[in-house]
1. For the Cα atoms of chain A, what angle does the longest principal axis make with the long axis of helix A:2-22, in degrees from 0 to 90, nearest 10?
2. Where does helix A:26-46 land angle-wise versus the long Cα axis of chain A, in degrees 0 to 90, nearest 10?
3. Is it possible to state the helix-based mean residue ellipticity at 222 nm for chain A, with each DSSP H run of 4+ residues giving -39500 (n - 2.57), the sum divided by total residues, to the nearest 500 deg cm²/dmol? What is it?
4. For chain B, what does the equivalent ellipsoid look like in terms of its semi-axes, each the square root of 5 times an eigenvalue of the Cα gyration tensor, given largest first in whole Å?
5. Using Cα atoms only, what is the angle between the long axis of helix A:174-202 and the major principal axis of chain A, expressed in degrees (0 to 90) to the nearest 10?
6. Tell me, what is the Rg over Rh of the protein assembly as shown, with Rh the Kirkwood radius over Cα pairs?
7. Using a Gaussian network for chain A with springs between C-alpha atoms less than 10 Å apart, which of these wobbles most: A:66, A:176, A:45?
8. Mind sorting B:210, A:197 by how few other Cβ atoms lie within 10 Å of their own Cβ, fewest first?
């Protein structure tokens, strides 16, 4: 039963990442990344042990609170302040993005079968699914135009890395996890400020136009 | 011989009840819109009325146009007899019949498109082009979806798939089956030209797909085409309802009643989707269908991993 729950969460993680590849609205991106934050937070609770320890519950609440609520709040504030509502012309179109997602999924399964990593997770899906999420996050960073969607791509990447770490090492010291969370928090914060400045200077947050700047 | 009676009865049930689904969908839409709506049996009345009329044929049409409704209906009946109803096996079953099932539907589509081109109307040619474009995207989704069902249950016939789909399969490969269901539902809406993809109510709209291809049919031919459309609704819907109902291990009359209830619920769901969603613009339809394909691909890789 626990494995079924864990598998469902992992599949939902990849599905929501696919949702980002299809959708073009920044508001949808933010909602999806909030949902992913909650799912990633629940992941350690359903992975392995029948009864979650106090330490796990603490980490889970911290992750859900930060990734599920604080980050989306910061991001939607950045979105409110900018005039952009949707990702206009991504460098790679939506259909090709979905095909990339499918390729990433197949590639992750293939790589997982070749690498034979020592998985501590009860689910066989944990590593390939986490890897797909990482790849999709990277893809979002590379192919999307606005600064905001790049931050979101970074968060997806981070979610994937977290799920991957959970599959490889089960027990992580609380301090380490909180340190990583803190890093991500600072990153999102700094990027939020960067978005704010890009917005104020240029009236948009299309980073492609930064290429044409002259000194 | 008596072993065949129940399966044949289930197929006959499909033949009789198929037009009812259309009535249920339209009634649901009417309730949502606050209208009284047409009677539940309206599709039957339409069919009887059309059968009484004479047919008019354009001079440009050839035998393809005349043959298409008959061939379409025949291939649908062929698909119907391959389809089990939850616990009851199909009248005809052999290893690999799922491919025949999918391509019986393909034959229907081919002849509908050929007949539309046969009329020589550029308007119908446009519809044919759209139909082929979208079904080319819907086909991988249904093929991979059914393939993942086959792989999850290790069986190559539709009857085998649904009879060996125990609750255990759902526990083992639950996420994958849920994805297949979602993909099949999108294909179901696309193939039956329901709302997010096509609007069955519009005539002479530049955005319609299925309705435009059958514009030149009249009288008994139109009745065959309409009846075929309802049968297609039944056949593809039965695929979805079977995936959901099979683990409950029902038998006999009880099973049939649950199945019919499931079909009616599915029609209500379609009605709700149609009332709540707007039709997506023609350029965005491929996005929806590619989503269905990716759901099927994910399901298929998951199933391969689970087994």
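1. 10
2. Orientation of helix A:26-46: about 20 degrees from the principal axis.
3. Numbers: 8 runs with 154 residues, N = 215.
Computed ellipticity for chain A at 222 nm equals -24500 deg cm²/dmol.
4. On the way: eigenvalues 186, 96, 77 Å².
The three semi-axes for chain B are 31, 22, 20 Å.
5. The helix A:174-202 is inclined about 10 degrees to chain A.
6. On the way: Rg = 25.9 Å, Rh = 25.3 Å.
That ratio equals 1.02.
7. Residue with maximal mean-square fluctuation among A:66, A:176, A:45: A:176.
8. Working: B:210 22, A:197 12.
In increasing order of surrounding Cβ atoms, one gets A:197, B:210.
Read-outs throughout are calculated quantities, based only on the coordinates presented, and are distinct from any laboratory measurement. Worth saying up front: this structure is predicted, and the values here are computed from it rather than measured. A quick note on method: Cβ atoms are made from the backbone with ideal geometry, for glycine too, and the neighbour counts reach across all protein chains shown.
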